[in-house]
Each structure stands twice: as structure tokens, then as C-alpha cells.
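Colleague: Please see the structure below; I have some questions.
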Amino acid sequence: MSYNFTPEQKAEMVKHFSGTFLESIPGRIAEYSKLWNLSDFSLIEYYNANCLFRCSSPVFGNCVLKIYGYHYDWYIGEIRMLCDFGGKCGYVCIYGFDEVGGAILMEQIEPGTVLTDEPSIERRIEVFANVWQNAHMDGIDLSQYKTYMQICEDTAAWINADTDFPKFSGVTREMVSVCRDLFERYPERLLLSGDLWGDNLLQNSTGGYTIIDPHSKVGPKIIDMGRYITIECLDAGDGNRESVTEHVIARLSDLTGLPESDIYKVFFIDMTIISRSVLRDGEAAGENSFISGVLYAQSLVNK
């Protein structure tokens, strides 16, 4: 089985991945269509680290084939985590995987509307809090996954080694200290999504939301709030960030019973961690925004 891209799709594939990756896709589709008896492929035009196709299976019905685009070793944890969860705790079900080549076959979520598209911030917060409460599992082997403590230490080491960001050294030391404090006071060790936010929550046929694209990190479940708060903060825009962020944190505290002071800390941790990719890639347009966001998150911890 082959697949023909439109000229526009080819241009996007080369832009976001590479010509070599584009050339490999027809062969990959032929391989997986034979392996899992798939047909009726159509590209989902979402170009971000992986290539997605809707497809059909006589066994599983409508499916999504996800072929990882680059830095595949970074995504091995996603495959292993989805296998460990087996569709429980609100995560998407996977029907097959290729850990060596980098691909998974998973259920197609319908209608698949992302939580980010929900216009009501109150509704978004309530949905997130409900999903978060049940999105974690114990009783599985956690040794193959990195902890949030390790991620914080790796982030601090990378940023501190770069002389372009000297003022961040103190920030990252505090991030590590804050994470250590949470690890000591919240002794539970669970497998977390690590990327639990609106675009990774898809509305399903029952009206609930299904979790996709986990980053697979280990730690206390409170830390899995960080990414959602960070994205709400960044999406709010410069004029509204403080009021929106502090409202989100206050509501999450109300809904979960967790102290606002500790939720401030997980926001600070996550904002600092994701700033690394912006600084690493030299995205000048977003750099100042992220730096100010990190400093704002730090100020909440210390207020």
C-alpha cells in the first residue's frame, strides 16, 4: 500500500521534519498496513514531532497511526507508559506498537475536540481537575522512567552550563530546591503524564476527555498540575497572565484541597522546565516572554 501526499503536505512535512523522513513514510505505511492489516489512510494535518494518520482496521475499527518524526528515543517512554496503563486512568488505548522504529497504533477519539477549544475557563479548570484526580497509577515498575527530580536537575545543569543565561543559575537552583521539597513532603511515587494540558485532552464519545501524548515522568501527582497551569498562563496574554494564573491556581486548590502555596511551586517548576526548549532553540520572539514567565512564577513561590 502506498500513500500520496499533496504538494502542500509534502512542503509541510519537509519544513517540520525532513525530506528523508518524508521519503520514508510510504514504506512505513506499507509496513504497518501489513503488520496490523490497516487501510484507508488519511493524513491528520498536525505537524509537530510526529506524523499522524487516520486509518481503519477490521479488528479495531477506526484507528490513528502515529509515526514519530525525530528524537524518537525521547518518546519511548510514551509507548511504555501507554502499554503500562492499558487504557486505564483515562488514557488512550493502544492496539500495537513498534518501539524500535517508533510508531503506535491507537484508538481514534471522537469527536476529538481538544479542551483548549472550550471557551469557558471555569469549564476547562473543572475538566482538568477531574481528569487529573484519576490520571495516575501505582503498582507498576517505575524504574524505566525518569523522575521529575531528575528532569529538574538536568534542566538546571543545561541552563547553568550556558553562559548566555547567567541570571538563570539562581532560578534553576531554586527550582531544584523546590522540587526536592515537594518530593520530601509528598512521598507518593506515581507515573505521571508530564504533559497534561488542554491540547492533550480530547473529548470522547461519552462526553468525557481522553488523555493522549504522555511524557511519562515519576513523582507525586501534584506535579502533574504544572503543565496545565503554565499553558493557561502563556495563553492568557501579557495583560491577563497574573490574574488568570492566580485564578486557575486558586480554583485548583479549591477543587483538590491542595495548598495554593504548593501549586505555585509546581507552576514554577514547569515554567522553568519548558523554558529550556525555547532557550535551547534560540526562539528570540518567545524568549523574553518565557523568561518573564519564569520570573513571575518564581515570585509567586516567594511571595
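Colleague: Would you mind telling me the antiparallel percentage of the DSSP bridges in the range 144-303, rounded to 5?
Modeller: 75
Colleague: Going Cα to Cα from Lys303, which aspartates and glutamates come in below 13 Å? Please leave out same-chain ones fewer than 8 positions away.
Modeller: Excluding near neighbours in sequence, the set is Glu246, Glu260, Asp262.
Colleague: Here is a further query. Ignoring everything but the protein chains, give the 1.4 Å probe accessible area of Glu242 in square angstrom, nearest 10.
Modeller: Looks like 110 Å² after rounding.
Colleague: Taking the Cα centre of the chain as origin, sum charge times position over the Cβ atoms of Lys and Arg (+1) and Asp and Glu (-1), and report the length of that vector in debye to the nearest 20.
Modeller: Charge dipole of the chain: 340 debye, to the nearest 20.
Colleague: May I have the pair-distance distribution P(r) for the range 1-74, computed from all Cα-Cα distances with 10 Å bins from 0 and rounded to whole percent?
Modeller: 20, 54, 25, 2
Colleague: Let me ask another. List, in order, the whole-Hz ³J(HN,Hα) value for each residue of the range 4-19 obtained from phi through the Karplus relation with A = 6.51, B = -1.76, C = 1.60 and θ = phi - 60°; use x for Gly and Pro.
Modeller: 10, 7, 6, x, 5, 5, 4, 4, 5, 4, 5, 4, 8, 10, 5, x
Colleague: Related question: Pick from Leu22, Leu43, Leu35: which residue has the top mean-square fluctuation in a GNM of the chain where Cα pairs under 10 Å get a spring?
Modeller: Judging by the Gaussian network model, the answer is Leu35.
Colleague: If I measure Cβ to Cβ between cysteines in the chain, which ones have no partner under 4.7 Å?
Modeller: Flagged as lacking a Cys partner: Cys51, Cys55, Cys63, Cys83, Cys89, Cys93, Cys233.
Colleague: Got a number for the accessible area of Glu188? Probe 1.4 Å, square angstrom, nearest 10.
Modeller: Its accessible surface works out to 70 Å², give or take rounding.
Colleague: Still on this structure: Specify the angular offset, from 0 to 90 degrees and rounded to the nearest 10, of the alpha carbon long axis of helix 284-301 from the longest principal axis of the alpha carbons in the chain.
Modeller: Tilt of helix 284-301: around 50 degrees.
Colleague: Additional query: Determine the sum of side-chain charges near Gly257: Lys and Arg each +1, Asp and Glu each -1, restricted to other residues whose C-beta is under 14 angstrom from that of Gly257.
Modeller: -1
Colleague: Turning to a different aspect of this structure: Excluding ligands, DNA and RNA, what is the solvent-accessible area per residue of the chain at a probe of 1.4 Å, expressed in Å²?
Modeller: So the chain comes to 45 Å² accessible per residue, rounded to a whole number.
Colleague: Something else about it: Using protein chains only and a probe of 1.4 angstrom, how many square angstrom of Ile249 are accessible, to the nearest 10?
Modeller: 0
Colleague: Same structure, new question: Could you state the angle between the C-alpha long axis of helix 241-256 and the longest principal axis of the C-alpha atoms of the chain, as a value from 0 to 90 degrees rounded to the nearest 10?
Modeller: With both axes taken from Cα atoms, the answer is about 80 degrees.
Colleague: Considering only protein heavy atoms and a 1.4 Å probe, what is the carbon-and-sulfur percentage of the accessible area of the chain?
Modeller: 49
Colleague: Please determine, in degrees from 0 to 90 and to the nearest 10, the orientation of helix 121-133 with respect to the longest principal axis defined by the Cα atoms of the chain, where the helix direction is its Cα long axis.
Modeller: Approximately 80 degrees, to the nearest ten.
Colleague: A further question on this structure: I'd like the Karplus ³J(HN,Hα) series for the range 102-115: coefficients 6.51, -1.76, 1.60, θ = phi - 60°, whole numbers in Hz, and an x wherever there's a Gly or Pro.
Modeller: With coefficients 6.51, -1.76 and 1.60, one gets x, 7, 9, 10, 9, 5, 8, 8, 10, x, x, 5, 6, 4 Hz.
Colleague: Count charges around Glu8 for me, please; just the other residues with Cβ under 11 Å from its Cβ, Lys/Arg as +1, Asp/Glu as -1.
Modeller: 0
Colleague: Provide Phe41, Phe267 ordered by accessible surface of protein heavy atoms (probe 1.4 Å), highest first.
Modeller: Ranked from most to least accessible, the order is Phe41, Phe267.
Colleague: Kindly sort Lys34, Lys15, Lys88 by accessible area of their heavy atoms, largest first, with the probe set to 1.4 Å.
Modeller: Output order, biggest surface exposure first: Lys34, Lys15, Lys88.
Colleague: Still on this structure, please answer the following. What value in Å³ per residue do you get for the convex hull of the alpha-carbon atoms in the chain?
Modeller: Dividing the Cα hull volume of the chain by its residue count gives 146 Å³.
Colleague: Related question: Could you tell me which residue out of Phe268, Phe183, Leu255 lies farthest along the dipole of the range 183-282 toward its positive end? Charges go on the beta carbon: Lys and Arg +1, Asp and Glu -1, centred on the Cα centre.
Modeller: About the Cα centre, the residue reaching furthest to the positive side is Phe183.
Colleague: For the chain, with a Gaussian network of springs between Cα atoms less than 10 Å apart, report the residue from Ala129, Ala161, Ala103 with the top mean-square fluctuation.
Modeller: Result: Ala161 has the largest fluctuation of those listed.
Colleague: Then there's this: Using 0.36 nm per residue, how much length does the chain from Ala250 to Arg185 gain when fully extended, once their Cα-Cα distance is taken away?
Modeller: Working it through step by step, the gained length comes to 21.4 nm.
Colleague: With each label point set 7 Å from Cα along the Cα-Cβ vector, what nm distance links Ser24 and Glu8?
Modeller: Going by the 7 Å Cα→Cβ label model, 2.7 nm.
The values are calculated or read from the model by the stated rules, or taken from the named source; none is laboratory data. These numbers come from a predicted model, not from an experiment. Cβ: placed from backbone, ideal geometry, glycine included. Neighbour counts: every protein chain shown. For accessibility, only protein heavy atoms count, side chains too; no ligands or nucleic acids. Shrake-Rupley method; radii C 1.70, N 1.55, O 1.52, S 1.80 Å.
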